[in-house]
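Scroll down for the structure; my scribbles are underneath it.
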């Protein structure tokens, strides 16, 4: 099968799935009983109308340029409402949220790559695309520098999700300014390297892949295992000082929020395994809010997922209904165990749960994308609103998604043209890792702006975030091809 025929088959498959009727209650001719919903192929669905997506590009860019935080956050919350609203796809008797219908990393970035065909046959739409992998942020420095890394047993797993627009963009060949008759495929490392060899005397700032369409979205969901029996302690973010990392003692949130030029990167890396606060998740309970935990509950909970939490004063209790969750199949439990390599006495089993802890969300609504990240805060406010909060949450968000807080950054700085203070926005479950040199002061735009495919490597992950980067800077981008702010492309291309 040729690559063009393979791509056409894949896209036509998505189109056919999109034309299927919505699952409906089935009523037998001789009975008035409503039968269970019939499982059908899962249809990747875009965010529906009514959630301010896509927003007017010029108006949204003005919000970014003027750093209108309240208006930007309103847009971010509307995106969250759209992503988490129910789709028409049903799995295990439940309607999936919109984002769960989208394809994941392994379905888009496949082996063999698209040049060799076989793309469409690798797509499985009979169940949600869920992949349990150590998030790349945990060892981003090594990846950026081409150093081989070992697996990290953090208990946290994550992957990418791509909306239908982004999938089509990634699976479609694109010409290049200096090679208009050739097609380059961004899921193929060979094709990307060939693209990187076409630039000749092209200015560095223009050496980039084709821009994604304005309705393209990328997500990075983050999850953790919860046992089907007993209580499971999951780490709960309460700021950098609530960590067993001694380098975080006395760290000033105000200084982190306002990095100064020339200020060295902080050595504080309060990753979730160091958090001294936790929530004990009860898989058989329903609660409306977080409650104080008892010493007996904390003593009996499995705390391998929150090893830093040992004081009952720092422990709370909640029913699993307060997080988005799903039961793991036998295959999913095996995949989790393979990635995390836990001891045999602490391995996931079929029927255990995965709970949704966090998610990066970025959209191509403006040229440098919009950036917002969400994490579970149990309906409480984040201490010092760092890196963000639940403020300005719109009324169109339903439980359990109301229990997640958010920060957003639509530009590197608070003023246009790289002027003003640096924006700080990161996810506590990801960028607190020691695999990121200055995660507590990081900025989504600056970080993703350095995403490149290059031969040889001449740039790299930002070492500090005390000042914005210039996207024409030869230190970062000499000999490189920028991948339109997508780390998924250089990290996952085969």
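From the set of residues in segment 366-392 that are under 21 Å from residue 283 (Cα atoms) and touching a residue at least 60 places away in the same chain (Cβ under 8 Å), which is surrounded by the most Cβ atoms within 10 Å (Cβ to Cβ)?
Taking segment 366-392 first, the residues under 21 Å from residue 283 (Cα atoms) are 375-380.
Within this subset, residues satisfying the condition of being touching a residue at least 60 places away in the same chain (Cβ under 8 Å) are 375, 377-380.
Working: 375: 24, 377: 22, 378: 18, 379: 17, 380: 15.
Selected residue: 375.
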Condition test on residue 233, is it part of a strand (DSSP E or B), surrounded by 19 or more Cβ atoms within 10 Å (Cβ to Cβ) and at pLDDT 95 or above?
yes
Do we have residue 304 as in a loop (DSSP other than H, G, I, E, B), more than 24 Å from residue 406 (Cβ to Cβ) and either at pLDDT below 95 or within 23 Å of the chain's Cα centre (by Cα) (or both) here?
yes
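Looking at the structure I just gave you, is residue 413 more than 30 Å from residue 286 (Cα to Cα), in contact with a strand residue (DSSP E or B) (Cβ under 8 Å, 6 or more places away or on another chain), touching a residue at least 24 places away in the same chain (Cβ under 8 Å) and surrounded by fewer than 24 Cβ atoms within 10 Å (Cβ to Cβ)? Break it down into steps so the answer makes sense when it comes.
Details: more than 30 Å from residue 286 (Cα to Cα): yes; in contact with a strand residue (DSSP E or B) (Cβ under 8 Å, 6 or more places away or on another chain): yes; touching a residue at least 24 places away in the same chain (Cβ under 8 Å): yes; surrounded by fewer than 24 Cβ atoms within 10 Å (Cβ to Cβ): yes.
So residue 413 passes the test.
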Considering segment 291-301 alone, what residues qualify as being surrounded by 18 or more Cβ atoms within 10 Å (Cβ to Cβ) and either part of a loop (DSSP other than H, G, I, E, B) or without any contact (Cβ under 8 Å) to a residue 24 or more places away in the chain (or both)?
293, 301
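With respect to residue 318, is the statement that it is under 25 Å from the mean Cα position of the chain (by Cα), under 20 Å from residue 223 (Cβ atoms) and touching a residue at least 12 places away in the same chain (Cβ under 8 Å) true?
Numbers: under 25 Å from the mean Cα position of the chain (by Cα): yes; under 20 Å from residue 223 (Cβ atoms): yes; touching a residue at least 12 places away in the same chain (Cβ under 8 Å): yes.
It is true that residue 318 is under 25 Å from the mean Cα position of the chain (by Cα), under 20 Å from residue 223 (Cβ atoms) and touching a residue at least 12 places away in the same chain (Cβ under 8 Å).
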Filter result (under 12 Å from residue 441 (Cβ atoms) and surrounded by 15 or more Cβ atoms within 10 Å (Cβ to Cβ)) within segment 241-265:
251, 253, 256, 257, 259, 263, 265
Every pair of residues 6+ apart whose Cβ atoms lie under 6 Å, when the first sits in segment 51-74 and is more than 15 Å from residue 361 (Cα to Cα) while the second is surrounded by fewer than 17 Cβ atoms within 10 Å (Cβ to Cβ) and modelled with pLDDT under 95:
65/416; 67/414
For segment 358-365, state whether one or more residues are in contact with a strand residue (DSSP E or B) (Cβ under 7 Å, 6 or more places away or on another chain), within 23 Å of residue 76 (Cα to Cα), without any contact (Cβ under 8 Å) to a residue 60 or more places away in the chain and buried (at least 19 other Cβ atoms within 10 Å of the Cβ).
no
The condition from (1) within 24 Å of residue 375 (Cβ to Cβ); (2) modelled with pLDDT under 95; (3) buried (at least 20 other Cβ atoms within 10 Å of the Cβ) that residue 434 misses is numbered (3)
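The values are calculated or read from the model by the stated rules, or taken from the named source; none is laboratory data. Note that the coordinates shown come from a computational prediction; the quantities given were computed from them, not determined experimentally. A quick note on method: Cβ atoms are made from the backbone with ideal geometry, for glycine too, and the neighbour counts reach across all protein chains shown.
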